[in-house]
Amino acid sequence: MIFDYILEYLNLQSCLIGIFIFLLLIDIIKNKNPSNFPPGPMPLPFVGNVFTELDFKTIDKLAEEYGEVFSLRWGSEKAVFISGYKLVKEALVTQLDNFTERPVVPLFHKVFKGLGVALSNGYLWKNQRKFAITHLRYIGEGKKSLELSIQQESNFLCDAFKAEQGPFDPQFYLYNAVSNIISALVFGHRFEYHDEKFLNVLRLEAETVILSGSTKAQLYNAFPRLFEYLPGPHQKMFSNYAKILDFLRDELRKHKEDWDPSDPRDFIDNYLVEMEKKKSDPEAGFNLETLLIAMLDMFEAGTETASTTIRWGLLCMMKYPDIQKKVQDEIDRVIGQSRQPSMADKPNMPYTDAVVHEIQRFGNAVPLGFPKMACKDTTLGGYFIPKGTSVTTNLSSVLKDKTMWETPEKFNPGHFLDDQGQFIKKDAFLPFSAGRRACLGEQLARMELFLFFTFLLQRFTFSPGPEEKLSLDGQLGFTYAPQPFRMVAVLR
Ligand code: HEM
């Protein structure tokens, strides 16, 4: 009797072990790397490297261990990471046609559905990107009207800072100010800094960006069908996106009510006109669903990045008051206090220009860029990368490349100045990435950074609130943002 029981137990156990070994073999065969595929840390059976953090500091460490081209695997999805100026430039510029597509990242695909600009591909992407570039540049009277819009917003921002009694956290003022520039372009109007409805959208957006960088949310990328039904940060992200989309839908509805095709006022109106024109070409994707995602793109890509960079700027100025003073001296010399800064001042302000560039380099707001995908079999750094593999270019490693910068880890405006104190461009300055997928808001962002930063330093001197310990260690996530801080803005 006991013998029978043991036999039965052993049979069951051997059966389970047999199934496990069988599944393991399938897993090994299925996930076998092609020859000369980039090396990487040993993946666990079935799940791969899902427990490896995906922040840029971890990626830097892995690059030190496995080389500038290495790989990771989530479930069955393989991803290659490229670090260092030489190879990142080769991927983005020399081989620019090999990495133009975006992979499907389940965490975002559920919301963006491959529509809009930032996460779309092929013919639809080409059409949407071309349209967005044209209409970001030429809405109103072109660059001049953008400059004016930033100057006006700087005044509102200045009033908000002035009204603060004592130390305050500037995060949401900056968020609001920067997204108001996009709002003016896309919706044709700005939002007050105390508009609770809009503030709530900004809070949802800020929270979503942080959540999207969390390791737990990455689990959804490895096993979307399983995690679809499990709780976790991904569910919070989806519910946040649903609320942000509701807000955008509402703006769209209001536009459609008083839309006059003969007098387009903003991005939405122009898009509605384009929808009429492109009716016979549905593949180009000009429809209301794509418009909604394109609007979400502008918000997501344009708000967090630029406002985070300005926050790094204020933080660095408080940390290095001597640099803050030198910027203010230049502003006083070139602009004075009687008029607002304009883009025409930039060539005459090499030191300020260098500081703004160094803030972007040091702040490193989008450390890993957005992932791309090899659109054909290709070789990079001597390794084989098969078509369809996700490829991440580590922009942070370029901005901190030891062979390209004198003091990569130290805030040093001298990186962008020659012996005569004149501004110099640097090849390894790639915060906006490069190539066909490079940031399409680069010109707008550069204008925002220079004008907001110069205006704020013209009007205020910034110092930390009492007891405030300023840290140059940022919060790791999809973006790299400073830890929240409270500052005092003293009118000059
Ligand atoms: C300091 C501010 C900004 C930084 C550092 C930044 C950085 C980046 C980076 C690194 C990428 C990924 C490029 C790649 O995949 O190789 C990107 C893409 C993009 N950015 Fe920006 N960005 C900024 C501001 C803006 C603004 C203001 C807009 C507003 C229109 C914008 C819109 C976009 C869009 C739509 C894409 C996707 C482009 C595509 O896939 O074709 N960005 N940005």
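Give the residue list of GluC sites (Glu not before Pro) in region 355-438 that are DSSP loop and have at most 12 other beta-carbon atoms within 10 angstrom. Write down the numbers at each step before the final one.
Details: sites: Glu358, Glu406, Glu409; in loops: Glu406, Glu409.
When the GluC sites (Glu not before Pro) of region 355-438 are filtered for loop state and at most 12 Cβ neighbours within 10 Å, Glu406, Glu409 remain.
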Gain upon complete extension [Asp332, Gln152; 0.36 nm per residue less C-alpha separation]: 62.8 nm
Spin-label model distance (nm) - Glu228 vs Leu245, 7 Å beyond Cα toward Cβ: 1.5
Given Lys61/Lys469; Lys61/Lys387; Lys57/Lys425; Lys197/Lys426; Lys32/Lys243; Lys113/Lys402, the pairs whose alpha carbons are separated by over 31 Å: Lys197/Lys426; Lys32/Lys243; Lys113/Lys402
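What size of dipole, in debye to the nearest 20, comes out for region 84-233 about its Cα centre when the only charges are +1 on Lys and Arg C-beta atoms and -1 on Asp and Glu C-beta atoms?
On the way: 17 positive and 15 negative charges, 145 e Å.
Approximately 700 debye in magnitude.
Could you calculate the contour length gain from Phe20 to Lys86, that is, 0.36 nm times the residue separation minus the distance between their Cα atoms, to one decimal place in nm? Numbers along the way, then the final one.
Details: separation 66, 0.36 × 66 = 23.76 nm, distance 4.38 nm.
Contour length minus the Cα-Cα distance gives 19.4 nm.
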Where chymotrypsin sites (Phe, Trp or Tyr not before Pro) fall in DSSP loop in region 163-272, at most 16 other Cβ within 10 Å: Tyr229, Trp259
Whole-angstrom gap from region 420-434 to region 115-190, using each part's C-alpha centre: 24
Local electrostatic count at Phe131 - Lys and Arg +1, Asp and Glu -1, tallied over other residues with Cβ under 10 Å: +3
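Let me spell out the model: positive unit charges on the Cβ of Lys and Arg, negative unit charges on the Cβ of Asp and Glu, origin at the Cα centre of the chain. What dipole size does that give, in debye rounded to 20? Numbers along the way, then the final one.
On the way: 56 positive and 61 negative charges, 136 e Å.
Using Cβ point charges on Lys, Arg, Asp and Glu, the chain gives about 660 debye.
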Set of aspartates and glutamates with alpha-carbon distance to Lys277 below 16 Å, sequence-local pairs under 8 removed: Asp260, Asp263, Asp269
Distance from region 46-96 to region 193-214 (C-alpha centre basis), Å: 29
Probe 1.4 Å - accessible area at Met298, Å² to nearest ten: 20
For region 31-491: rounded, prolate or oblate by the Cα gyration tensor [a/c cutoff 1.5]: oblate
Cβ-derived FRET efficiency at R0 45 Å, Arg253 paired with Asp97, nearest 0.05: 0.65
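Could you tell me the calculated FRET efficiency between Phe46 and Glu207, based on Cβ-Cβ distance and R0 = 41 angstrom, to the nearest 0.05?
With a Förster radius of 41 Å, E is 0.85.
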At most 10 other Cβ within 10 Å, DSSP loop - GluC sites (Glu not before Pro), region 413-492: Glu467
Farthest positive-ward along the chain dipole, Cα basis, beta-carbon charges - from His135, Leu315, Ala184: His135
Unit charges on C-beta of K, R, D, E only; dipole of region 165-232, Debye: 220
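How long is the gain from Lys110 to Ser262 if the chain were fully straight, where each residue apart is worth 0.36 nm and the alpha carbon distance is subtracted?
Working: separation 152, 0.36 × 152 = 54.72 nm, distance 3.57 nm.
Value of the extension gain: 51.2 nm.
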With every protein chain in place, the chain: carbon and sulfur % of accessible area (1.4 Å): 58
Per-pair calculated FRET efficiency, R0 = 51 Å: Ile2 and Lys277 via Cβ, rounded to 0.05: 0.05
Surface accessible to a 1.4 Å probe, Asp281 within the full protein complex, Å²: 40
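Ignoring ligands, DNA and RNA, what accessible area per residue does region 193-308 give at 1.4 Å, in Å²? Can you show the working numbers first?
Working: 5390 Å² over 116 residues.
About 46 Å² of surface per residue is accessible.
The values are calculated or read from the model by the stated rules, or taken from the named source; none is laboratory data. In this text the structure is predicted, and so the values were computed from the model without any measurement. No Cβ is skipped: glycine too gets one built from the backbone with ideal geometry, and neighbour counts run over all protein chains shown. Each accessible area value is taken on the protein alone, full model and side chains, heavy atoms only, with ligands, DNA and RNA left out. Shrake-Rupley method; radii C 1.70, N 1.55, O 1.52, S 1.80 Å.
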